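Structure first, commentary second.
The values are calculated or read from the model by the stated rules, or taken from the named source; none is laboratory data. Everything numeric here is computed off the predicted structure, so don't read it as measured data. Counting neighbours? That spans all protein chains shown, and the Cβs are built from the backbone with ideal geometry, glycine included. These accessible areas exclude ligands, DNA and RNA; they are computed on the full protein's heavy atoms, side chains included. Shrake-Rupley method; radii C 1.70, N 1.55, O 1.52, S 1.80 Å.
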Amino acid sequence: MTTLAPLPYSVHWDDTHITLLNQQALPSITEFIELHSVDDVYDSILSLKVRGAPAIGLTAAFGVALGAKQETTAELGEFKKNVTRHIEKLASSRPTAVNLFWALRRMENTLQAAQSISTAKEALVSEAKAIFAEDEEMCRKIGEHGLSLFKRGDSILTHCNAGGIATARYGTALAPFHLAKERDIPLKVYACETRPVLQGARLTAWELMQAGVDVTLISDNMAAHTIHQKRINGIIVGADRIAANGDTANKIGTLGLAILAKHFGIPFYVAAPSSTFDLSIESGTSIPIEERNEAEITFIQGVRIAPENVKTFNPAFDVTPNHLITSIITENGIITPDFFKNIPHFVN
Ligand code: MRU
């Protein structure tokens, strides 16, 4: 199996606590923080210390295991009620990435199946570890499928950070580049900075440079010019939730890039594990879009850049309609249109 030597795991279960790579401190400071309670886990998800759909889900799963281990009641019914409260709290942290609810549902099912408190505690830790291990494996496979779409020397544009630090390992949209690097396949990556909170500049540029991948940073408003001038061969992004018809929610700015891809006649790929699909909703119009604090757009790194009291609108995600998507790369293979018809062959 391929190994990714330089990149640290961003989430680690340490039995009495969770260790997290603090993604808010990157790239200036590479620091690991310890989470000792469900409240710590909730705050870390809310404040983007951990972010990226799969990473949010698996951190929340470890959060449930942590909360369960810390319960002191000897009464099974009360134990289950308390752990369910932890699950509900974690579910209220961020609304868009469905991986969170997918992982918490698995933890809830594990909780309800347990016959005693001690078996529940053990089973919840095992389930969270399984979610983590499965994500690592899914991302590796996504990398393999994604890489099959690129040619040596291609220049590919990406947005936000759908990398190893947003998942258990490898990433989704960035997985092909990590694998290409290990196999000495030259690919160039152009990373959009990703306003307002700069996941592209702070995280994707950092992650790919750590791995020795050829990455060039651009600001978001340079995308059209760059696609044209640098002869970009394709765009690849991650996803936070994919509806049954293939409509895809991802970081704000993704929709604009999909429209540009159509204009310039280049492929627009979405890379995501099956845990990112929400087949309970028919189309993207039902995806809840998180709106975040206005300070994210009126300040940059603590410095005010807009007048006080200016009206703001700060959606964290947008929805790309299925007709702008060339294919969706999953661990089970590459899904092409008609997505509504084809998705069930790859995801259930
Ligand atoms: O707000 P964020 O940083 O959690 O948003 C992350 C994204 O939009 C990613 O592209 C998506 O979650 C996929 S991560 C593999």
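Check Thr96: other-chain or 5+ apart residues with amide H under 5 Å from its amide H, H built from backbone geometry?
Placed amide hydrogens put Glu290 under 5 Å from Thr96.
In percent, what relative contact order does the range 84-201 have, based on Cα pairs under 8 Å that are 6 or more apart in sequence?
21 percent
What ratio of Cα Rg to 2.2 N^0.38 Å holds for the range 1-91?
Computed over Cα atoms of the range 1-91, the ratio equals 1.19.
If I compute solvent accessible area with a 1.4 Å probe over the protein chains, what percent of it on the chain is carbon and sulfur?
C and S atoms contribute 53 percent here.
Among Glu34, Glu331, what's the order by accessible area (1.4 angstrom probe), most exposed first?
Glu34, Glu331
Once you put a point 7 Å from the Cα of His263 and another 7 Å from the Cα of Asp214, both along the Cβ direction, what distance in nm separates them?
In this crude label model, His263 to Asp214 measures out at 2.6 nm.
Can you work out the base-10 log of I(q)/I(0) for the range 153-254 at q = 0.12, 0.16 1/Å, using the Debye formula on its C-alpha atoms alone?
Evaluating at q = 0.12, 0.16 Å⁻¹ gives log10 I(q)/I(0) of -0.36, -0.64.
Averaged per residue, what accessible area in Å² does the chain show with a 1.4 Å probe, protein chains only?
On a per-residue basis, 41 Å².
State the extension gain, in nm to one decimal, for the chain segment bounded by Asp14 and Asp184, taking 0.36 nm per residue of separation less the distance between their alpha-carbons.
Gain on extension, Asp14 to Asp184, equals 57.8 nm.
Rank Leu149, Leu58, Leu124 by mean-square fluctuation in a GNM of the chain with C-alpha springs under 10 angstrom and give only the top-ranked residue.
Leu149
At a Förster radius of 25 Å, what calculated FRET efficiency corresponds to the Cβ-Cβ distance of Leu76 and Asp39, to the nearest 0.05?
0.55
Counting only Cα atoms, I'd like the Rg/Rh figure for the chain, Kirkwood definition for Rh.
Rg divided by Rh gives 0.97.
Tell me, what ³J(HN,Hα) does each residue in the range 148-165 have, in order and in whole Hz, if you take phi through Karplus 6.51 cos²θ - 1.76 cosθ + 1.60 with θ = phi - 60° and put x for Gly and Pro?
5, 8, 10, 9, 3, x, 4, 10, 10, 9, 9, 9, 6, 10, 10, x, x, 6
If I model a spin label as a point 7 Å beyond the Cα along the Cα-Cβ vector, how far apart are those points for Met222 and Asn348 in nm?
Inter-label distance under the simple model: 4.7 nm.
Based on the mean of other Cβ atoms within 10 Å per residue, sort peptides 68-77, 89-98 so the most packed one is first.
Packing order, densest peptide first, comes out as 89-98, 68-77.
With a 1.4 Å probe and every protein chain left in place, tell me how much accessible area Leu279 has, in Å² to the nearest 10.
Rounded to the nearest 10, the figure is 70 Å².
Which of the peptides 238-247, 206-215 is most tightly packed, and how do the rest follow, judged by the mean count of other Cβ atoms within 10 Å per residue?
Top of the packing list down: 238-247, 206-215.
Which ³J(HN,Hα) values, rounded to whole Hz and listed in residue order, are derived for the range 298-305 from phi using the Karplus coefficients 6.51, -1.76 and 1.60 in 6.51 cos²θ - 1.76 cosθ + 1.60 with θ = phi - 60°, glycine and proline given as x?
Residue by residue, the range 298-305 yields 8, 10, 10, 6, x, 9, 5, 10 Hz.
In whole angstrom, how far apart do the alpha carbon centroids of the range 63-136 and the range 268-337 sit?
Result: 27 Å between the Cα centres.
Among Thr216, Thr158, Thr276, determine the one that fluctuates most according to a GNM of the chain built with springs between C-alpha atoms less than 10 Å apart.
So, out of Thr216, Thr158, Thr276, the one fluctuating most is Thr216.
Which of the pairs Lys188/Lys341; Lys49/Lys141; Lys69/Lys251; Lys121/Lys251; Lys89/Lys251; Lys230/Lys311 have their Cα atoms more than 30 Å apart in this structure?
Among Lys188/Lys341; Lys49/Lys141; Lys69/Lys251; Lys121/Lys251; Lys89/Lys251; Lys230/Lys311, the Cα-Cα distance tops 30 Å for Lys188/Lys341; Lys69/Lys251; Lys121/Lys251; Lys230/Lys311.
For the chain, what is the relative contact order in percent, using Cα pairs closer than 8 Å and at least 6 residues apart in sequence?
16 percent
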